[in-house]
Amino acid sequence: MILTDCTVVDSDGEREADVRLRDGRIAEVGDVDGTDETYDCGGGFVVPGIIDCHVHLVSECLPTNRHGDDRMRWYRVVENLRDSLAAGVTTVRDLNAPDACVIDAGRAVERGMVEGPRVVACGQGVCCTGGHFSGSCREADGVAEVRRAVREQIERGAEVVKLMATSSAYSSSEGGQEMTRDEIEAAVRVASMKGVPVAAHAEGREGVVAAAEAGVDSVEHAKYADEEAMRAVADNDAFWVPTFKPTRMSLRNHEKFSDGKLEKAERVVELQKRGARLADEHGVRVAAGSDAGTSYNYHGANPEELELMARYGLDERTVLDAATSNAAELLGIDDEVGYVREGYAADLLVLSGNPLEDASNWQKQELVLKDGEVVA
Ligand SMILES: [Zn+2]
């Protein structure tokens, strides 16, 4: 198939070009002619498929915000995978499930048994006893136990390790640190021996600094990150995955939450906007993550995160990189996806508007291709 009458937009730049697809790959980008079937993009924009670096595929997206261990979770994962792909998300990184179910679902996608995005999954996150999401995470205390917990996930097939370095901003300790610097460092060390990157849930500033200095690959959320914390993220070359959607969805469904939580949510939005400004000032590299699976934050509505990123102060070019090239680099698959380049997997979207002019155009999808197949 040849995509014609389009502008290609990716982190390599913006250019008028046709795109020839063959055997699930991008065969040619440029002035393409030939007798292949053509798809007329009608002046649209061809971009890489969205890579969402932070989702929870087992979740029902209810206000209880649990990563369900009920017996329906397998089917929910399948449904959520299908909805994600239909929304132009061609790769997801899952950051906590109660067992190996999402790792296994990713294998089922690879084998063609289930329709969905490429999956990079952590298995269970690792938290301290009674820590953040202790109901579904693997609890571990002390360096030796944390090493063991990390190695267990890698043995199960985890392609990323998730640490719960702090509590939630909405808990009484307001994102207070829960894993020690030693524990985080130990996790990073044993994961890196296996070439597996580490993602740290870190909301309070101390936890953000500890995680960044311990060498994690990405700091998730970082709501309370001040100037010093964002500088630590930049200096240690970690990615920031902001996840603006959960708080926005709470505010949008305000009747379901207490006044106290909503007041906090209003403050969090201001902190997130400060985070965006500080990230920009300090050259922090951003990767996109919707945290789909939190309350009312449905799988399939992921692309709205990109609009929020721009609305909170990140420019459209940063948003593009965050959802494509930076995300691919964070996941260690930037030789495969994240660009419209010859030889890359044909995970592509055709958008009716330019995402560099308005990040909401990521939601105006005319066509979704994964491995060269039209999936939506
Ligand atoms: Zn999350």
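The values are calculated or read from the model by the stated rules, or taken from the named source; none is laboratory data. What you are looking at is a predicted structure, and each value in this text was computed from that prediction instead of being measured. All Cβ positions, even for glycine, are placed from backbone atoms using ideal geometry, and neighbour counts span all protein chains on display.
Looking only at region 257-265, decide whether some residue is within 13 Å of Cys53 (Cα to Cα), surrounded by 17 or more Cβ atoms within 10 Å (Cβ to Cβ), assigned by TED's automatic domain parsing to the domain that holds Glu227 and out of contact with any Gly (no Cβ under 6 Å at 6 or more places or on another chain). Before the answer, list the steps.
Here is the first cut: in region 257-265, the ones within 13 Å of Cys53 (Cα to Cα) are none.
Within region 257-265, not a single residue is within 13 Å of Cys53 (Cα to Cα), surrounded by 17 or more Cβ atoms within 10 Å (Cβ to Cβ), assigned by TED's automatic domain parsing to the domain that holds Glu227 and out of contact with any Gly (no Cβ under 6 Å at 6 or more places or on another chain).
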Exercise. Going by the conditions given, is Gly207 in the same structural domain as Val120 (by TED's automatic domain parsing), within 16 Å of the ligand (Cβ to nearest atom) and in contact with an Asp or Glu (Cβ under 8 Å, 6 or more places away or on another chain)?
Worked result: yes
Exercise. Taking interchain pairs and intrachain pairs at least six residues apart, which have beta carbon atoms under 8 angstrom, with the first residue in region 83-107 and in the same structural domain as Val55 (by TED's automatic domain parsing) and the second of a type in the set (Phe, Trp, Tyr) and surrounded by fewer than 24 Cβ atoms within 10 Å (Cβ to Cβ)?
Worked result: Asp83/Tyr298; Asn96/Phe133; Cys101/Trp74; Ala105/Trp74
Exercise. Which residue out of Gly112, Gly116 is more than 15 Å from the ligand (Cβ to nearest atom), in a loop (DSSP other than H, G, I, E, B) and in contact with a Leu (Cβ under 8 Å, 6 or more places away or on another chain)?
Worked result: Gly116
For this session: Kindly list, by first and then second residue, each pair from a residue in region 242-265 that is at pLDDT 95 or above and within 16 Å of the ligand (Cβ to nearest atom) to a residue that is outside any loop (DSSP other than H, G, I, E, B) and acidic (Asp, Glu), limited to pairs with Cβ atoms under 7 Å and residues at least 6 apart or on different chains.
Result: Thr243/Glu220; Phe244/Glu305; Lys245/Glu304; Lys245/Glu305
Problem set entry | Selected residue [more than 18 Å from Ala191 (Cβ to Cβ) and in contact with a helix residue (DSSP H, G or I) (Cβ under 9 Å, 6 or more places away or on another chain)] from Val92, Val120 | Val92
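From the set of residues in region 1-46 that are part of a strand (DSSP E or B) and among the acidic types (Asp, Glu), which is surrounded by the fewest Cβ atoms within 10 Å (Cβ to Cβ)? Full working, then the answer.
Step one: list which residues in region 1-46 are part of a strand (DSSP E or B), which gives 2-10, 13-16, 18-22, 25-30, 38-46.
Keeping just the survivors that are among the acidic types (Asp, Glu) gives 5, 10, 14, 16, 18, 28, 40.
Details: Asp5: 13, Asp10: 21, Glu14: 14, Glu16: 10, Asp18: 20, Glu28: 16, Asp40: 12.
Among them, the one singled out is Glu16.
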Exercise. Restricting region 282-325 to residues that are among the polar types (S, T, N, Q) and either in a helix (DSSP H, G or I) or more than 16 Å from the ligand (Cβ to nearest atom) (or both), which is farthest from Arg76 (Cα to Cα)?
Worked result: Thr318
Exercise. Looking at this structure, is Ala279 in the same structural domain as Ala191 (by TED's automatic domain parsing), away from the ligand (no atom under 16 Å from the Cβ) and touching a strand residue (DSSP E or B) at 6+ places or on another chain (Cβ under 6 Å)?
Worked result: yes
For this session: Residues being assigned to a loop (DSSP other than H, G, I, E, B) and of a type in the set (Ser, Thr, Tyr): count how many of those fall in region 178-223.
Result: 1
Exercise. Is there a residue being in contact with a helix residue (DSSP H, G or I) (Cβ under 7 Å, 6 or more places away or on another chain), assigned to a strand (DSSP E or B), within 14 Å of the ligand (Cβ to nearest atom) and within 30 Å of Arg20 (Cβ to Cβ) anywhere in region 53-61?
Worked result: yes
Exercise. Taking the condition crowded, with 20+ Cβ neighbours inside 10 Å and over 28 Å from Pro63 (Cβ atoms), does Ser325 pass?
Worked result: yes
Exercise. Do the conditions hold for Leu85, that is, is it among the aliphatic types (A, V, I, L, M), within 16 Å of the ligand (Cβ to nearest atom), buried (at least 17 other Cβ atoms within 10 Å of the Cβ) and at pLDDT 95 or above?
Worked result: no
Problem set entry | Residue in region 188-200 that is of a type outside the set (A, V, I, L, M), within 16 Å of the ligand (Cβ to nearest atom) and either closer than 14 Å to Ala165 by Cα or over 17 Å from the mean Cα position of the chain (by Cα) (or both) present | no
Exercise. Of the residues in region 64-93, how many are over 19 Å from Glu304 (Cβ atoms), not in a helix (DSSP H, G or I) and not β-branched (Val, Ile, Thr)?
Worked result: 7
